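Each reported figure results from applying straightforward, stated rules to the coordinates on display, with no laboratory input. It should be emphasised that the depicted structure is a prediction, and the values quoted were computed from it without experimental measurement. As a convention, Cβ positions derive from the backbone with ideal geometry for all residues, glycine included, and neighbour counts pool all protein chains shown.
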Amino acid sequence: MDIVAHTLWTAGAVLPLRQRFRIPLSVGWAIFWGAFPDVFSFAIPAAVRIWWYLSGATSSLLPDASGPQHFRFVWTLYYASHSLLVFATAFGIAWLVARRPIFEMLAWSLHILSDIATHQGIFALHFLWPLSSYGISGLRWESRWFMAANYTALFLLYSWIWIGARRRQSVKGS
């Protein structure tokens with residue numbers, strides 16, 4: 001999925017959970033963890049490509065297949081940040097250090113699970129990395145029909161959240 005959809009799904013999951021279970025969840029931190037895998041993987045090469053483009057070192061923001069492979073390390077970052085095993089290890093370490101589960105970090109796992117179903121080809125997730133390079137070739141998240149369905153579902157989710165908030169306000173006001 002695209003990073004905007006990841007952040008919207010994260011907030012759309014956290015808001016009702018926070019309300020329903022009265023858990024003090026930080027929406028901001030959950031969004032951070034929900035976007036983390038993609039930011040961790042692609043922020044450095046994106047910034048370098050933009051710099052190269054602005055400085056005239058390249059005429060395109062897109063990587064050149066015939067050019068030098070400057071960013072091979074990105075695949076390791078991608079596999080690590082999109083691995084359920086790496087997530088579980090980081091979540092466990094954070095739990096031990098904080099002496100409580102950091103529930104906002106679960107947005108990272110939501111990101112991975114949604115990407116397993118919506119990535120294919122070279123971006124198919126190796127979600128058991130580093131133990132396995134097995135990946136499922138899922139749907140293409142960037143296809144028009146999926147983008148339309150995804151953002152329609154997000155619209156419906158946020159409409160439901162908004163209607164629920166309005167109902168709670170009217171009950172309090174009565």
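Evaluate the distance, in nm, between pseudo-label points positioned 7 Å from the Cα of residue 170 and of residue 149 along their respective Cα→Cβ axes.
The answer from the label model is 3.3 nm.
Quick one: which of 118-125, 151-158, 33-40 comes out on top by average Cβ neighbours within 10 Å, and what's the full order, highest first? Before the final figure, lay out each step's value.
Working: 118-125: 16.4, 151-158: 13.4, 33-40: 20.5.
Ranking the peptides 118-125, 151-158, 33-40 by packing returns 33-40, 118-125, 151-158.
Pick from 126, 82, 111: which residue has the top mean-square fluctuation in a GNM of the chain where Cα pairs under 10 Å get a spring?
The residue that fluctuates most here is 126.
Which entry in (i) -0.66, -0.77, -0.89, -1.58; (ii) -0.52, -0.61, -0.70, -1.35; (iii) -0.68, -0.78, -0.88, -1.36 is this structure's computed log10 I(q)/I(0) by the Debye sum over Cα atoms at q = 0.12, 0.13, 0.14, 0.20 Å⁻¹?
Entry (iii).
Quick check: the angle from helix 3-21's long axis to the longest principal axis of the chain, C-alpha only, nearest 10 degrees?
Long axis of 3-21 versus the principal axis of the chain: about 30 degrees.
At what distance in nm do the modelled label points of residue 57 and residue 133 sit from each other, each positioned 7 Å from its Cα along Cα→Cβ?
2.9 nm
With charges only on Cβ, +1 for K and R and -1 for D and E, what is the dipole size of the chain about its Cα centre, in debye, rounded to 20?
Working: 13 positive and 6 negative charges, 191 e Å.
Using only the charged Cβ atoms, the result is roughly 920 debye.
Taking square-rooted eigenvalues a ≥ b ≥ c of the alpha carbon gyration tensor, is segment 111-174 rounded, prolate or oblate, where a/c under 1.5 means rounded and, failing that, a/b exceeding b/c means prolate? Please list the in-between numbers first.
Numbers: a/c = 7.78, a/b = 2.39, b/c = 3.25.
Cα axes put segment 111-174 in the oblate bin.
Mind pulling the angle between the C-alpha long axis of helix 84-98 and the longest principal axis of the chain? Nearest 10 degrees, somewhere in 0 to 90.
It works out to around 60 degrees.
Between residue 160 and residue 140, what is the label-point separation in nm under the 7 Å Cα-to-beta-carbon projection?
The modelled label-to-label distance comes out at 2.9 nm.
With an 8 Å cut-off on Cα pairs and a minimum separation of 6 or more residues, tell me the relative contact order of the chain in percent. Walk me through the numbers on the way to the answer.
Working: 185 pairs, mean separation 43.9, N = 174.
That works out to 25 percent.
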